1. Which fully enclosed helices (runs of 4 or more DSSP H) of the stretch 88-149 have 1 or more residues being among the small types (Gly, Ala, Ser)?
2. Out of ARG81, ARG110, ARG118, ARG92, report the one residue that is charged (D, E, K, R) and in contact with a Phe, Trp or Tyr (Cβ under 9 Å, 6 or more places away or on another chain).
3. Answer yes or no as to whether LEU93 is under 15 Å from ASP36 (Cβ atoms), touching an Asp or Glu at 6+ places or on another chain (Cβ under 6 Å) and crowded, with 19+ Cβ neighbours inside 10 Å.
4. Quick check on my filter: what residues within the stretch 116-137 are within 18 Å of GLU48 (Cα to Cα) and open to solvent by less than 70 Å² (accessible area, probe 1.4 Å)?
5. Going by the structure shown, is ILE34 β-branched (Val, Ile, Thr) and modelled with pLDDT of 90 or more?
6. Any residue at all in the stretch 158-167 that's part of a helix (DSSP H, G or I), exposed (fewer than 13 other Cβ atoms within 10 Å of the Cβ) and modelled with pLDDT under 90?
7. Go through the stretch 138-157 and give me each residue that's of a type in the set (A, V, I, L, M) and either open to solvent by 40 Å² or more (accessible area, probe 1.4 Å) or out of contact with any Phe, Trp or Tyr (no Cβ under 7 Å at 6 or more places or on another chain) (or both).
8. What about ARG86, is it over 15 Å from the mean Cα position of the chain (by Cα), open to solvent by 80 Å² or more (accessible area, probe 1.4 Å) and closer than 14 Å to VAL37 by Cβ?
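The values are calculated or read from the model by the stated rules, or taken from the named source; none is laboratory data. Given the structure is predicted, the values throughout are model-derived calculations rather than measurements. Glycine also receives a Cβ, built like all others from the backbone with ideal geometry; neighbour counts cover every protein chain displayed. Quick note on the areas: whole protein, heavy atoms, side chains included, nothing else; ligands and nucleic acids left out. Shrake-Rupley method; radii C 1.70, N 1.55, O 1.52, S 1.80 Å.
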Amino acid sequence: EKSLRTSTNSFLGLLEFPLECRDPMIAGYLCVRINDVIEDDLDLSRNEDGLTKKRELMALFIRALKDGNEEKVAQFATKLRNLRLRDKKFDRLVKNVESVFGAYRGFQPRVKEIIFERIKEQSEGLASKNIQNIVTPEDYHEYCNYSVGIIGYMIGELFHSTGHLSSI
């Protein structure tokens, strides 16, 4: 819960989910927010060197999530804490990022797979070259899909995996 209060509206909405899928949805939401923190860093989008660092950090996030290796988690957490946060409301999430990994490790394999695949998709999408140069409405639509739309797909899949949706 320490990491949760990054957005009051989202936090309150997550509390309304059925108990058996609430924790995976909260952890998935926090993973999306972690990618947002990386995406919004003030130094990582200004030039090609910054974009390379952003891609490397998102790739490290994915490896740490996939492997669950404590060393990779610690390495990722250190790098995340060195970012210049655009929005200070994410301080608590960044300080407690290891808790998100800890919660994730405790989920059933199918739940972890859903969260991992959607966060991987988001990371790769936000790190892609065409997202870095938004010019057209289609570019913006693609950015929005990766930035915030991914959570909707993940929630639907998590609902389905816990038996709360018959089909998606």
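1. So the answer is 97-105, 109-127.
2. ARG118
3. In short, no.
4. SER123, GLY125, LEU126, ALA127, SER128, ILE131, GLN132
5. yes
6. Initially, the stretch 158-167 is screened for residues part of a helix (DSSP H, G or I), giving 158-161.
Those left that are additionally exposed (fewer than 13 other Cβ atoms within 10 Å of the Cβ): none.
Looking for residues that are part of a helix (DSSP H, G or I), exposed (fewer than 13 other Cβ atoms within 10 Å of the Cβ) and modelled with pLDDT under 90, one finds none in the stretch 158-167, hence no.
7. So in the stretch 138-157, the residues of a type in the set (A, V, I, L, M) come out as 148, 150-151, 154-155.
Passing the criteria: VAL148, ILE150, MET154, ILE155.
8. So ARG86 fits the description; yes.
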